Every structure is written in structure tokens, then in C-alpha cells.
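Below is one structure, written out as C-alpha cells; the observations come after it.
The values are calculated or read from the model by the stated rules, or taken from the named source; none is laboratory data. Please read all numbers here as calculations on a predicted model, not as lab measurements. Using ideal geometry, Cβ is built from the backbone for each residue, glycine included, and neighbour counts are taken over all protein chains shown. These accessible areas exclude ligands, DNA and RNA; they are computed on the full protein's heavy atoms, side chains included. Shrake-Rupley method; radii C 1.70, N 1.55, O 1.52, S 1.80 Å.
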Amino acid sequence: MAKTQAQIQERSDAKRGVRAKSYKLPETTIALIAELAEQTGLPQSAVITAAVKMLKQQHEAVWMYIKLC
């Protein structure tokens, strides 16, 4: 039996370990994401992923500093 496009997409997403997530963001944030994506040549999802990883690293560094004090 042939698979529907939705089934094909669902299997592909599961294989790649991705899923859709939606957020309501200020227009300025959306514009900044688009601008950074254009400047770097990365997809907007990659820009957001990089930003979240950088925020996590910064957060961990602050906590490490606090624990050392």
C-alpha cells in the first residue's frame, strides 16, 4: 500500500530526529533571525539552534563561575 505524503514526512522527520515546533515571536526577533540566516547562509532553523546552544554555554559558564566563588 502506498504511503501518504504525511506518512513519508513523519518517517523522514523521525529518522532525522526532528519535529515541528511553533512559537509566537516579536516581529523584530523574526526579522533578526531572517537577517542572520541571510548573512550566514544558514537556514533559519540552524540560526536558532546555534543561538540556543550559545545561550546554554553562556548559562553553564555563569553557573560554573558562581560555584567557584
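Data overview
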quantity	calculated
Whole-number accessible area per residue in Å² for the chain, which is evaluated in the context of all protein chains at 1.4 Å	98 Å²
Electrostatic dipole magnitude of the chain [Cβ: Lys, Arg +1; Asp, Glu -1; Cα centre; debye, to 20]	420 debye
Protein accessible area in the chain, 1.4 Å probe - carbon and sulfur %	62 percent
Gain on full stretching of the segment that runs from ALA34 to LYS3 - 0.36 nm per residue minus C-alpha separation	7.8 nm
Computed FRET value (nearest 0.05) for LEU55 with ARG11, which takes r as the C-beta separation and R₀ as 35 Å	0.65
Fraction of the pair-distance distribution of region 1-52 above 18 Å, Cα-Cα pairs, percent	49 percent
Ordering of 47-55, 17-25 by burial proxy (mean other Cβ atoms within 10 Å per residue, highest first)	47-55, 17-25
